[in-house]
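All remarks here apply to the structure that follows.
The values are calculated or read from the model by the stated rules, or taken from the named source; none is laboratory data. All values reported here derive from a predicted model rather than from experimental measurement. Backbone-built Cβ (ideal geometry, glycine too); neighbour counts: all protein chains shown.
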Amino acid sequence: MDGDGGVVDQRREEELRERREELRRLSVRFFVAVSLNLSAGVCKRVTGLDGSGTENGDHVALYWAKKFSRMAEISCMIVIIQIVFVTVVMARRMRSLRRDCDVQLVVGFICLLVSLCFSAYLRWFV
C-alpha cells in the first residue's frame, strides 16, 4: 500500500512540474502577444492609421495598411484570449496550444510589418 501511495504522489508531482513548465512557456507567449498588441496600437496611432475606413481620395496603400494593422491586433488578441481561457479552464490542452499561439504570433508580427511597410511607403513616396 505504501508503494502505491508513493507512486501516486510521484506522478502528481511530475504532473505538477509539467504543468508549471507549460505555464512558464505560455506566460512568455502571453507577454509577447501583449507587447505585440501594444506595439500594433502605438504604430497605428503614430502612423495615422487609427481613422475609420477609407475615403474616396485615400491611397490604396492606406487601405491595406489599415487592414494589416487590424489583422495584427486580431491575431494578438486571439493568442491572449486562448492563453487566458486555457490556463483557467482547460489545463490538459496547454501543450497543443503552444503551436497555435506561435502561428498566431507569427501571423500578427508579419501583418504588423506589412502594415508598417505600407505606412512608410505612404509617408515617403506619396
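Here are the numbers:
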item	result
Lone unmet requirement of (1) within 27 Å of LEU122 (Cα to Cα); (2) surrounded by 12 or more Cβ atoms within 10 Å (Cβ to Cβ); (3) modelled with pLDDT under 85 for ARG25	(1)
Sole residue being out of contact with any Asp or Glu (no Cβ under 9 Å at 6 or more places or on another chain) and at pLDDT 85 or above, chosen from MET90, MET77	MET77
Pairs with Cβ under 9 Å, 6+ apart, first in the stretch 43-61 and under 19 Å from GLU73 (Cβ atoms) and among the aliphatic types (A, V, I, L, M), second in a loop (DSSP other than H, G, I, E, B) and modelled with pLDDT under 75	ALA61/VAL126
Residue within the stretch 72-79 that is closer than 15 Å to CYS111 by Cα and of a type in the set (Gly, Ala, Ser) present	yes
Residues of the stretch 101-126 satisfying the condition of being under 30 Å from LEU16 (Cβ atoms) and modelled with pLDDT under 85	none
The stretch 96-126: number of residues that are surrounded by 15 or more Cβ atoms within 10 Å (Cβ to Cβ), under 14 Å from GLU73 (Cβ atoms) and among the hydrophobic types (A, V, I, L, M, F, W, C)	7
